Amino acid sequence: MIERIRTRVTDLLGIRYPILQAGMIWASGYKLAVACAEADILGCIGSAGMKQDLLRSQIRKARALTKKKIAVNIPLLRSDASALLDITLEEGIQIVITSAGNPAVLGPRIQQAKVIWIHVVPTVKHGLKAQDSGAQIVIGEGFEAGGHNGVDEVTTLALIPQLVDALSIPVVAAGGIADGRGFLAAMALGAEGISVGTRFAATVESSAHDSYKQAIVGALDSGTVLFAKKIAPVRALKNAWVDEVRAAESHGASREDLERVYGHHHSRMGILEGDLEQGELEMGQSSGLVREILPAAAVVRNFVKEFEAGAARLERLAPPER
């Protein structure tokens, strides 16, 4: 297996392989972050579903188990995003990943703290804004990804090379990547790393409910759908509750009516509590590639081995030099 894959991303983050474990609501607690960090990639605690005290506790548990760097993901749309950042910095986290909001909101404070700042974007326009705000790495997330997505529905294959062309800072690819083939393809597009959610959600160390993990394993290529576009587009596995929300959408429900149907706590019900019919089972289109629940370290090894095998295959396809 390749000992190291070096890019600007690995140099900035101090990791061996340019793979970032995504900060997923209810699935990315300290156990997963630690397992990924110990596997020489960037582990991340996702704060989206956490109260402030829980985030602090999760960071402390992680730091007690690994000396390697981990990141914290903070969704900027949370009303207490500033307080979550305070906790993150107070606990000595050196890598902050922001998403779902205007990067200028917390950007100055993150820069003042002199930590590494990564921001998730769905379009080139948002990527330029993140770069101008001071982000050091941008994650370009195509709409194949699970969870909340951009309204423009730009795919990873189209988004990444355009971001690479437009930005001077490193670009990491996200959305639709669940194995080493996707890893290699992203790097061929000019990305300097990948960010992976769904594949790590279905690991032993993921804090998600086992029924949710099994739902990922059982999903087919067309098993997910993007819906709730009037509120905030989200990709999840099709089920009875998703059908109800989509039916309201198709009948022209107003935003207010749709919010009543959409309700609250469905992501917790699905991902953390394992309700497969009324829960929001956020996962990406790459779930069709996930066939078993593995330890995070095994997932990382598979990514690197498949990357290496794919690169060797492409080399064999190259015409001989004349």
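The values are calculated or read from the model by the stated rules, or taken from the named source; none is laboratory data. Bear in mind the structure is a predicted one, so any value in this text is a computation, not a measurement. Cβ coordinates were reconstructed from backbone atoms using ideal geometry, including for glycine residues, and neighbour counts include every protein chain displayed. SASA here: full protein model, heavy atoms, side chains in, ligands and nucleic acids out. Shrake-Rupley method; radii C 1.70, N 1.55, O 1.52, S 1.80 Å.
Residues checked against (1) open to solvent by less than 20 Å² (accessible area, probe 1.4 Å); (2) of a type outside the set (G, A, S); (3) out of contact with any His (no Cβ under 9 Å at 6 or more places or on another chain):
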| position | (1), (2), (3) |
| --- | --- |
| Q214 | no, yes, yes |
| A219 | yes, no, yes |
| T224 | yes, yes, yes |
| F227 | yes, yes, yes |
| K230 | no, yes, yes |
| V234 | yes, yes, no |
| K238 | no, yes, yes |
| A247 | no, no, yes |
| H251 | no, yes, yes |
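Of the helices (runs of 4 or more DSSP H) lying entirely inside the stretch 1-100, the ones with 2 or more residues being touching a Ser or Thr at 6+ places or on another chain (Cβ under 9 Å) and aliphatic (A, V, I, L, M) are found at 30-38, 52-65, 81-90.
Looking across the stretch 134-168, the residues that are touching a residue at least 60 places away in the same chain (Cβ under 8 Å) and over 13 Å from the mean Cα position of the chain (by Cα) come down to Q136, I137, G150, V151, E153.
Exactly one residue among E153, E192, E205 is open to solvent by 10 Å² or more (accessible area, probe 1.4 Å) and within 23 Å of G310 (Cα to Cα), and that residue is E192. The listed residues are R8, R16, and the only one of them that is within 25 Å of A178 (Cβ to Cβ) and out of contact with any helix residue (DSSP H, G or I) (no Cβ under 9 Å at 6 or more places or on another chain) turns out to be R8.
Being surrounded by fewer than 22 Cβ atoms within 10 Å (Cβ to Cβ) and hydrophobic (A, V, I, L, M, F, W, C) is the filter here, so list the residues in the stretch 118-142 that pass it. Within the stretch 118-142, V124, L128 meet the criteria. Look at the stretch 226-248: where a residue is touching a residue at least 24 places away in the same chain (Cβ under 8 Å) and closer than 16 Å to D152 by Cβ and a partner is charged (D, E, K, R) and in a strand (DSSP E or B), sitting 6+ places away or on another chain with Cβ atoms under 6 Å, you get L226/R235. Among residues of the stretch 294-307 that are touching a residue at least 40 places away in the same chain (Cβ under 8 Å), those with a Cβ under 6 angstrom from a residue that is of a type in the set (A, V, I, L, M) and open to solvent by 60 Å² or more (accessible area, probe 1.4 Å), sequence gap 6+ or separate chain, pair up as P295/V204; V304/M1; K305/M1. So in the stretch 287-321, with the set limited to residues that are at pLDDT 95 or above and of a type in the set (D, E), which one is nearest to K238 (Cα to Cα)? Filtering the stretch 287-321 for residues that are at pLDDT 95 or above and of a type in the set (D, E), the one nearest to K238 (Cα to Cα) comes out as E292.
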